[in-house]
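What follows is a short report on a single structure.
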Amino acid sequence: MGFKAMKYRLFPNVTQEKALDSTLYLCRTLYNAALEERRTAYRKCGVSVSFYEQKRALTEIKADSPEYKGIHSQVLQDVIERLDKAFKGFFRRVKVKQTAGYPRFKGRFHYDSFTYPQAGKTGAMPLPESGKVYLSKIGNVRCKYHRPLEGTVKTATVKREGNKWFIVFVCEVDTGPLPATGDVVGIDLGTNPNFLITSDGEFVEAPRHFKKAERKIGLLQRSAAKKKRGSRRQKELKRQIASEHRRVANRRRDFHHKTARALVNRHDAVFHEDLNIIGLARSRTAKGMLDAGWASFINILSVKAANAGRTVLGVDPKYTSQDCSDCGHRQKVKIGHAYVCANCGMDCHRDVNAAINILNRGRDAAFSEGANVVPVDLRSLAL
Ligand SMILES: [Zn+2]
C-alpha cells in the first residue's frame, strides 16, 4: 500500500466561489487567532496551550461566531492541526539549536488551502461520473477529471492558486513493490551548491533558478513596500509576489520528487542524516538556505520508498564528516577540503566520505531494533 496525490482543476460557480473564499478567510482568521492565543498564554503566564485544548474550544467558537457553522467541523480541526504542526517544527528546530523561526501570522496571500482530513468518508467526496466533487457546506462543484482517480480517497485539500481553484486528493493506492536491486546508498545533505551527495560519489545540484527567483521576490517586495498601503499598485505587486512564491514552491517540489524517484528506483535502502538530531555540528549556517526543503524532501522520499517496498532510514549524523570511512580515525576537515586520513592515508571528497559513513551507520541500524523510520505526513503531500 502506498499514497498518491492527484490534483484536479475545480470550476466553482459564483455562489460556490464566494463560499470557498469565505472558508479560506475564516480558516486563516482561526489560524491567526489560535496562534495569538498560544503566544499570549506563553508570554503572560508561561503556559502552553495544547492542541487538544484548542480543538475543544472550537465548539465555543462556533457558538460565538455563527459564520463558522458554515464550515465542516473537520476542516476547522485541520486548521488547529496545521498550527500544531508549525509549533512542533519550531520546537524541533529549537531543540537542535537551528534558527528557530517562531510560527508566523498568515497574511491573505499566505493561506491558500483547506483540508478535509477524512474525505471519501465525510466532508468531501469525488463524483467523477458526474464530473463534480461534493464539498460539505459548499455544494457539488464542477471538476475536470483529466486523469482517472485511483485508489481510496484519504484526504482532500482545496487550494486557490491565483484565480484558479484546485482539489488534491491523497489516495491510498495498491502499489506493487519494486524488484530488489541489491544496492543501498547513503546521502549527505549537501552544502551549496549541492543538494545532496551520495556514497557512490554522485553530486546532485540544487537547481540554480531558486536563487534567481529569490532575488526577483526580493525586488518585488521592496517595490511593494514603497507603494501606498492598500493601493491598487501594491495589491498587484503582492499578487505577483504570491505567484512567484508559488512557482518556486512548485519547482522545488518537482525537483524533490525527481530526486527522490531516482534514489528509490536504484536502491533497496536509502540512509540519510536524521533531521531530528542534526544540530550545529557542521556549519549549519552555510546550509541554512537549503534547509527548509530537507524535511519535505525526506518526507517525499519516505512516501516513495513505502510505496515501492523500500527502506528509508535516518541515522545519527554526529561526526559523519570527521570520521574516516575506511579506518574510523577521527579528525577535523574544513568545508571545501578533501578528506585525507592522517592514519591510513585514504583520500576522498569530504562529503562523499560523510555519505559513506551514513551508509555504514544505516546498514548497522537497519538490522537493529527500533530503527528510526520517518513517519509519513499525508497533508504535506497535498501542499
Ligand atoms: Zn583512515
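Please specify each residue of segment 305-342 satisfying the condition of being within 30 Å of P179 (Cα to Cα) and within 16 Å of the ligand (Cβ to nearest atom). Answer for segment 305-342, where residues must be within 30 Å of P179 (Cα to Cα) and within 16 Å of the ligand (Cβ to nearest atom): just S325. Restricting attention to segment 201-216 and to residues that are touching a residue at least 40 places away in the same chain (Cβ under 8 Å) and not hydrophobic (A, V, I, L, M, F, W, C), the residue that is nearest to N360 (Cα to Cα) turns out to be G201.
In a residue-by-residue description of segment 354-370, the property of being more than 27 Å from the chain's Cα centre (by Cα), at pLDDT 90 or above, within 16 Å of the ligand (Cβ to nearest atom) and over 30 Å from T181 (Cα atoms) applies to no position.
With respect to A180, determine if the residue is small (G, A, S) and surrounded by 13 or more Cβ atoms within 10 Å (Cβ to Cβ). So A180 fails the test. Scanning segment 126-146 for residues that are in contact (Cβ under 8 Å) with a residue 12 or more places away in the chain and part of a strand (DSSP E or B) yields a total of 10. For segment 62-110, which residues satisfy the criterion of being exposed (fewer than 13 other Cβ atoms within 10 Å of the Cβ) and of a type in the set (V, I, T)? Within segment 62-110, T99 is the sole residue that qualifies. Close contacts from segment 224-241, counting a first residue that is under 19 Å from Y111 (Cα atoms) and a second that is aromatic (F, W, Y), with Cβ to Cβ under 8 Å and a gap of 6+ residues or different chains, come to K238/F109; R239/F109; I241/F109. If N140 meets every condition in (1) modelled with pLDDT under 95; (2) farther than 30 Å from E236 by Cα; (3) not basic (K, R) apart from one, which number is that one? Evaluating N140 over (1) modelled with pLDDT under 95; (2) farther than 30 Å from E236 by Cα; (3) not basic (K, R) leaves (1) as the failure.
Quick check, is E150 in contact with a strand residue (DSSP E or B) (Cβ under 9 Å, 6 or more places away or on another chain) and not assigned by TED's automatic domain parsing to the domain that holds R247? It would help to see each step written out before you state the result.
Values: in contact with a strand residue (DSSP E or B) (Cβ under 9 Å, 6 or more places away or on another chain): yes; not assigned by TED's automatic domain parsing to the domain that holds R247: yes.
So E150 fits the description; yes.
The values are calculated or read from the model by the stated rules, or taken from the named source; none is laboratory data. Just so it is clear, the model here is predicted, and its values are computed rather than measured. Don't worry about glycine lacking a Cβ; one is built from the backbone with ideal geometry, like all the others, and counts go over all protein chains shown.
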